[in-house]
Amino acid sequence: MSDEKSLSVNKALTPFNMVAGIILLIGMVITILRFTGGLAAVSNLTDDNPWGIWIGFDLLCGVALAAGGYVTSAAVYIFGLKRYHSAVRPAILTGFLGYALVVFALHYDVGRPWRLPYPFIVQQGTTSLLFEVGACVALYLTVLFIEFTPAVMEWLGLKRARTIVVRLTMLLTIFGVVLSTLHQSSLGALYLIAPSKLHPLWYSTYLPVYFFVSSIIAGLSMVLFESTLSHHYFSHKMDKTHLAEADNVTLGFGKAASLVLAGYFTIKIIGIAIADNWHYLTTGYGAWFLLELLGFVALPCLMYAVGVRDRNVKLIRWTAGWTILGIVLNRLNISLIAFNWQLPSSQRYVPHWMEIMVSVFIVTIGILIFRFIVTRMPIMYEHPDYHSH
Amino acid sequence: MSLTRRRFLGWMGAAGAGTLVGRQAEAAANVHFTGYPDSFAVLHDITLCVGCRSCEAACNTVNELPPPNRPFKDLTVLDQHRRTTSKTYTVVNRFQPASQAPKSIFVKKQCNHCLEPACASACFVRAFKKSPEGAVTYDPTVCVGCRYCMVACPFEIPAYEYEKALDPKVMKCTMCHPRVKNGQLPGCVQACPKEALTFGKRKDILNIARERIHKYPQRYIDHIYGESEMGGTSWLYLSSVPFSQIGMREDLGTTPAPELTSGALGAVPIVVGLWPVLLTGIYAITQRKEKVSAEEQRLAVSQAVEHARQSAELDMVRAMEKAEKDKETAIKQAVKKAMDEAVKAQQEVKA
Ligand code: SF4
Ligand code: SF4
Ligand code: SF4
């Protein structure tokens with residue numbers, strides 16, 4: 001008995017767990033500092049730079065990268081790509097966790113987090129795009145939660161309740177796509193109000209469209225990326241269907257990503273042409289913009305296409321990682337790097353290490369919860385008692 | 001997180017209706033909203049400002065702001081280009097444009113009290129309001145602290161109390177709204193010893209400004225800053241040099257902030273209305289396709305089965321025939337054998 005116990009303790013003390021433990025510890029200390037000393041105690045936010053990486057990374061990147069949930073469930077349930085069925089649950093789970101963590105992260109960023117429900121229950125600022133973002137994210141989080149419950153119910157053996165939710169799949173999927181379209185695009189539209197602060201190469205009246213289209217790319221790439229990681233770490237948890245469908249999913253999603261990237265590239269060019277911003281391309285910001293556009297949009301578009309043509313699953317997976325970096329770069333460019341470009345460098349924002357730590361802390365929590373769930377609930381495999389719906 | 005669908009649709013409708021109403025109002029009036037008719041404004045004649053910081057001191061007093069790090073009499077702070085902060089609603093900065101050297105130009109900066117404020121349009125709890133008196137006021141009892149207003153303000157005015165843990169607020173000039181409602185002048189206007197600040201109805205203020213430009217064309221450039229910047233503001237400026245040389249942006253355009261986002265907000269009801277229809281349509285098509293292909297599959301399968309059955313029958317018949325034949329030959333052979341044997345036996349007996 002005691003032998004067994006010490007064995008499990010030893011098993012828990014993996015390097016991964018130790019690093020995660022340390023991060024959690026630091027995160028908790030910073031949390032205390034944040035809520036006793038105010039934002040100034042842990043961040044480099046200033047009056048000129050009211051939004052830092054908690055918005056630029058945690059919110060903008062978090063929401064974009066959690067798009068896998070709506071993209072996959074739309075592909076499978078609405079567009080009828082049933083053969084990708086095994087990709088739905090992991091995507092919904094990461095989507096749900098992603099959004100939950102985004103909301104969690106916002107509690108660090110806003111000045112009075114306990115008032116976060118105010119825009120809904122006290123006074124509605126319907127002229128604000130942030131209101132739209134808030135309303136849709138709150139509702140979508142609920143939708144994702146319901147979509148995810150069948151896995152929990154199977155785990156707990158609640159057959160009746162599960163059947164009811166499964167019947168709602170179609171409705172929930174449509175609702176989820178509507179809400180995602182709205183808030184993914186509104187995140188871009190947030191910046192429409194600040195044409196004088198965002199560099200013209202990134203500012204565009206098409207910002208909402210850019211954000212929506214790139215969220216599809218992000219969603220597809222995230223599903224590919226996660227499945228790569230999951231295969232590495234959780235393959236013992238996967239059933240035959242999941243393993244057999246994996247290559248299929250990779251090729252299909254890779255092809256879709258390549259197509260959407262091509263479209264995205266085109267509308268970006270149209271955006272520059274319409275605003276006649278060509279002359280900015282020769283400046284320093286122009287070089288940076290071209291790096292993003294050619295290196296992180298055009299290149300992955302090509303690599304995905306080649307990967308699909310050669311049925312090169314490995315190349316597609318690498319491309320997925322690269323594309324995700326590109327999405328992160330795009331969101332950081334808009335929120336931080338090309339934002340406030342008019343200010344002298346002394347007034348520009350550089351994140352405080354504690355801000356970065358909080359983001360790392362939140363991502364770590366996400367990974368730990370993901371691991372907890374997939375090792376227990378039927379995510380990567382079908383529960384033997386239930387047939388796929 | 002138990003938000004009902006109806007409530008959500010209500011919001012969406014509200015968002016959509018808001019934009020629609022806005023547009024209708026504009027369309028009906030056929031002119032642009034130029035603020036409340038009798039609202040007040042302040043004229044800052046930059047050519048008259050001597051940089052004494054009396055306004056800063058007065059603002060600090062009337063708003064009961066914390067004492068400054070360096071006394072207001074200390075004029076060396078003018079050398080840095082300061083912005084408004086959570087402890088100072090207004091700052092005076094010194095500029096030395098090459099064309100005017102060695103003369104210094106002093107410019108006061110505070111909230112411009114836009115006619116259609118970006119901050120108010122951006123706030124998702126409507127903490128900011130443009131009052132009929134002209135001031136853009138802030139309600140700290142609802143503010144969540146998202147700081148989107150600070151992102152939105154084109155003049156970089158609102159500041160935040162980052163060092164407060166429990167009750168941080170957005171801080172900015174109030175145009176002395178409480179004082180104005182009491183019939184008093186704004187603190188800074190009252191304190192100015194040089195009459196570089198003039199308070200009055202916006203209509204009258206614009207006329208005064210125009211008159212000055214008209215009377216002293218050498219003294220002023222022909223532009224009233226704030227008359228139409230970002231749709232117009234309640235704080236107006238006159239200057240002897242181009243405004244871009246004294247730290248004021250001339251590239252803001254005349255589009256009021258709410259118009260920048262109205263297109264995106266207007267798309268909401270479209271998405272809410274069209275997406276479900278479209279998606280259900282696509283779903284129906286894929287369902288139908290699946291049904292058709294399932295039907296085809298069933299047909300193919302049954303055909304194959306039929307075919308198999310038929311060919312199996314055929315095989316059976318053939319096999320039977322063959323078996324018949326085999327049997328016959330076997331009988332014949334057996335008979336033959338028996339006959340042979342009988343013949344042999346007979347021969348043996350004979351022998
Ligand atoms: S200057 Fe800025 S803070 Fe003042 S009313 Fe205009 S947008 Fe709002
Ligand atoms: S910080 Fe406060 S006032 Fe500013 S937009 Fe957010 S809720 Fe509104
Ligand atoms: S109007 Fe009032 S609050 Fe605004 S700068 Fe003048 S004294 Fe300060």
Return an integer: the convex hull volume of the alpha-carbon atoms of segment B:63-131, in Å³ per residue.
144 Å³
So if I restrict to the alpha-carbon atoms in segment B:201-351, what is the Rg, and what is Dmax, the biggest pairwise distance, in Å?
52.7, 165
Bins of 5 Å, starting at 0 and running to the largest distance - Cα pair percent for segment A:155-242:
3, 11, 12, 12, 14, 16, 13, 8, 6, 4, 2, 0
Cα-based Debye curve of segment B:84-216 sampled at q = 0.16, 0.18, 0.20 Å⁻¹ gives log₁₀ I(q)/I(0) of -0.95, -1.13, -1.28
Measuring from its Cα centre, segment B:55-113 shows a charge dipole (+1 at each Lys and Arg Cβ, -1 at each Asp and Glu Cβ) which, in debye to the nearest 20, is 140 debye
Alpha carbon centre of segment A:334-389 versus segment A:87-143: separation in Å?
14 Å
How large is the helix-only mean residue ellipticity at 222 nm for chain B, computed as the sum of -39500 (n - 2.57) over DSSP H runs with n ≥ 4, divided by its residue count, in deg cm²/dmol to the nearest 500?
-16000 deg cm²/dmol
Please work out the Kirkwood hydrodynamic radius for chain A, using every pair of different C-alpha atoms, and report it in angstroms with one decimal place.
22.2 Å
Using +1 at the C-beta of Lys and Arg and -1 at the C-beta of Asp and Glu, which of B:Gly232, B:Thr280, B:Leu252 has the Cα lying farthest in the positive direction of the dipole of segment B:229-348?
B:Thr280
For segment B:208-284, diffusion coefficient by Stokes-Einstein and Kirkwood Rh (Cα), 10 °C, 1.306 mPa s, µm²/s
100 µm²/s
Per residue and in Å³, how big is the convex hull formed by the alpha-carbon atoms of segment A:134-192?
66 Å³
For segment B:306-351, taking Cα atoms only, what is the radius of gyration to one decimal and the Dmax to the nearest whole Å?
19.3, 65
How large is the dipole of chain B about the Cα centre if only Lys and Arg carry +1 and Asp and Glu carry -1, each at its Cβ, rounded to the nearest 20 debye?
600 debye
So which aspartates and glutamates can B:Lys336 reach, going by Cα to Cα under 20 Å and dropping same-chain residues fewer than 8 places off?
B:Glu324, B:Asp326, B:Glu328, B:Glu348
Dipole moment magnitude, nearest 20 debye, the protein assembly as shown about Cα centre, only Lys, Arg, Asp, Glu C-beta charged:
500 debye
Assuming a viscosity of 0.890 mPa s and a temperature of 25 °C, what translational diffusion coefficient in µm² per second does Stokes-Einstein assign to segment B:236-275, Rh being the Kirkwood radius over Cα pairs?
185 µm²/s
Over 40 Å apart: what share of the alpha carbon pairs of chain B falls there, rounded to a whole percent?
42 percent
Strictly over 20 Å apart at the Cα level, which of B:Lys109/B:Lys172; B:Lys87/B:Lys172; B:Lys73/B:Lys201; B:Lys172/B:Lys203; A:Lys82/A:Lys255; B:Lys172/B:Lys201 would you flag in this model?
B:Lys73/B:Lys201; B:Lys172/B:Lys203; B:Lys172/B:Lys201
With the Cα gyration tensor of the protein assembly as shown in hand, give its eigenvalues times 5 under a square root as the equivalent ellipsoid semi-axes, listed largest first in whole angstrom.
71, 28, 23
Estimate the FRET efficiency between A:Thr31 and B:Asn182 by the formula 1/(1 + (r/R0)^6), using the beta-carbon distance for r and 45 Å for R0, to the nearest 0.05.
0.50
Checking the a/c ratio against 1.5 first, then a/b against b/c, what shape does the Cα gyration tensor give for segment A:233-389?
oblate
Starting from 0 in steps of 5 Å, tell me what percent of the Cα-Cα pairs of segment B:280-327 lands in each bin.
6, 18, 12, 11, 9, 10, 7, 8, 5, 5, 4, 3, 2, 1
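Only the coordinates and a few stated rules stand behind these numbers; no lab work does. Just so it is clear, the model here is predicted, and its values are computed rather than measured. For neighbour counting, all protein chains shown are included, and Cβ atoms are generated from backbone atoms with ideal geometry for every residue, glycine included.
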